[in-house]
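Report on the following structure.
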Amino acid sequence: MNFLTHYYLHRKKDDNHFTVGLTLPDLFSFISRKIRISHVLLEKIYNFNEDQNQKSLICGMSLHLQLDKWFHKSTFFYENVIILNDECIKNSINDFPSFLYHVLLEIFIDRYLLKLYPSLADEFYESYKKFNFPETANLFTVVNEFNKDEFVDFAIRISNSNFLREYVDCGLIISILNRIGTRIVKKELFPENDISLINSFNNIYDKIEVNIKNFFDKEEWNDHINLNPNLFN
């Protein structure tokens with residue numbers, strides 16, 4: 001799941017450390033694919049820290065890992081990745097890389113949330129803007145490949161960005177997929193500003209929107225994750 005879905009599902013208005021923790025694993029993966037955040041690592045950091053705010057942050061991160069592990073094995077994920085593959089073929093979107101179906105599904109989930117709650121991205125950014133990332137960065141100096149200055153700089157840039165708002169526009173979604181393609185396979189994958197392609201992505205989203213709605217209505221994840229705030233104890 002992406003930033004916005006993690007934020008939407010489990011944010012706490014009275015605990016911004018926990019709320020920011022919900023999305024930090026994705027922040028690390030954006031910075032470097034070499035950084036590995038595991039539950040074992042988080043438990044060690046949690047047990048060696050006495051600050052309750054930082055413990056809450058770590059609990060949010062752990063919940064993120066739990067949710068992603070369940071989501072990527074869920075029936076919803078499996079079935080809708082197949083639907084995206086089939087719909088891309090029907091809409092003549094050729095040579096769509098297999099790794100991007102996962103990405104596109106998660107972007108479409110965030111798009112669904114933004115259509116329902118237009119202010120959700122702004123709320124997410126506000127939680128980042130009021131957070132003390134330099135202080136929190138000291139927790140992760142034990143992590144291999146971690147660079148404190150790079151982490152703080154990137155977190156602040158995320159705080160002042162607008163990429164989450166772009167998910168409502170399929171033209172901008174194509175640009176996002178191209179940025180990901182440039183990072184992973186070193187080239188853009190789709191023509192920009194192609195009206196036919198934009199219409200195709202809109203049609204594909206329309207095809208799975210009801211599935212996304214049912215996913216949120218069922219709340220199946222609650223049967224598979226530990227919401228105990230003291231889960232490391």
Filtering helices (runs of 4 or more DSSP H) wholly in the stretch 1-87 for at least 1 residues that are of a type in the set (A, V, I, L, M, F, W, C) and more than 18 Å from Asn132 (Cα to Cα) gives 3-10, 24-31, 39-47, 52-71
Pairing a residue in the stretch 150-178 that is of a type in the set (A, V, I, L, M) with any residue that is surrounded by fewer than 16 Cβ atoms within 10 Å (Cβ to Cβ), where Cβ atoms lie under 6 Å and the two sit 6 or more apart in sequence or on different chains, gives Val152/Pro134
Taking the stretch 148-203 and the residues there that are outside any helix (DSSP H, G or I) and modelled with pLDDT of 90 or more, the one that is farthest from Arg111 (Cα to Cα) would be Asn160
Of the listed residues (Ser29, Ser38), the one being polar (S, T, N, Q), under 28 Å from Pro118 (Cβ atoms), at pLDDT below 95 and out of contact with any strand residue (DSSP E or B) (no Cβ under 9 Å at 6 or more places or on another chain) is Ser29
| Does Phe99 fit the bill of being touching a helix residue (DSSP H, G or I) at 6+ places or on another chain (Cβ under 9 Å), within 21 Å of Ile35 (Cα to Cα) and of a type in the set (Phe, Trp, Tyr)? | yes
His224 fails exactly one of (1) in contact with a Gly (Cβ under 6 Å, 6 or more places away or on another chain); (2) modelled with pLDDT under 90, namely (1)
Expected single match for in contact (Cβ under 8 Å) with a residue 40 or more places away in the chain, closer than 20 Å to Tyr7 by Cβ and polar (S, T, N, Q) among Asn211, Asn226 is Asn226
Restricting the stretch 41-65 to residues that are crowded, with 19+ Cβ neighbours inside 10 Å and aliphatic (A, V, I, L, M), the one modelled with the lowest pLDDT turns out to be Ile45
Within the stretch 49-76, the residues that are out of contact with any Asp or Glu (no Cβ under 9 Å at 6 or more places or on another chain) and more than 16 Å from Thr23 (Cα to Cα) are Asn49, Glu50, Asp51, Gln52, His72, Lys73
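Residue by residue, here is whether (1) within 28 Å of Gly21 (Cβ to Cβ); (2) among the basic types (Lys, Arg); (3) in contact with a Phe, Trp or Tyr (Cβ under 6 Å, 6 or more places away or on another chain) holds:
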site: Asp122; (1), (2), (3): yes, no, no
site: Glu135; (1), (2), (3): yes, no, no
site: Phe140; (1), (2), (3): yes, no, yes
site: Glu145; (1), (2), (3): yes, no, no
site: Asp153; (1), (2), (3): yes, no, no
site: Asp169; (1), (2), (3): no, no, no
site: Val185; (1), (2), (3): no, no, no
site: Phe215; (1), (2), (3): yes, no, yes
site: Ile225; (1), (2), (3): yes, no, no
Being crowded, with 18+ Cβ neighbours inside 10 Å and in contact (Cβ under 8 Å) with a residue 12 or more places away in the chain narrows Tyr128, Tyr117 down to just Tyr128
Restricting attention to the stretch 29-71, the residues that are under 23 Å from Asn222 (Cβ atoms) and either touching a His at 6+ places or on another chain (Cβ under 8 Å) or among the aromatic types (Phe, Trp, Tyr) (or both) number exactly 12
Of the residues in the stretch 146-182, those that are surrounded by fewer than 12 Cβ atoms within 10 Å (Cβ to Cβ) and in contact with a Lys or Arg (Cβ under 9 Å, 6 or more places away or on another chain) number 1
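The values are calculated or read from the model by the stated rules, or taken from the named source; none is laboratory data. Because the structure is a prediction, the values reported are computed rather than measured. Methodologically, a virtual Cβ is constructed for each residue, glycine included, from the backbone with ideal geometry; neighbour enumeration extends over all protein chains shown.
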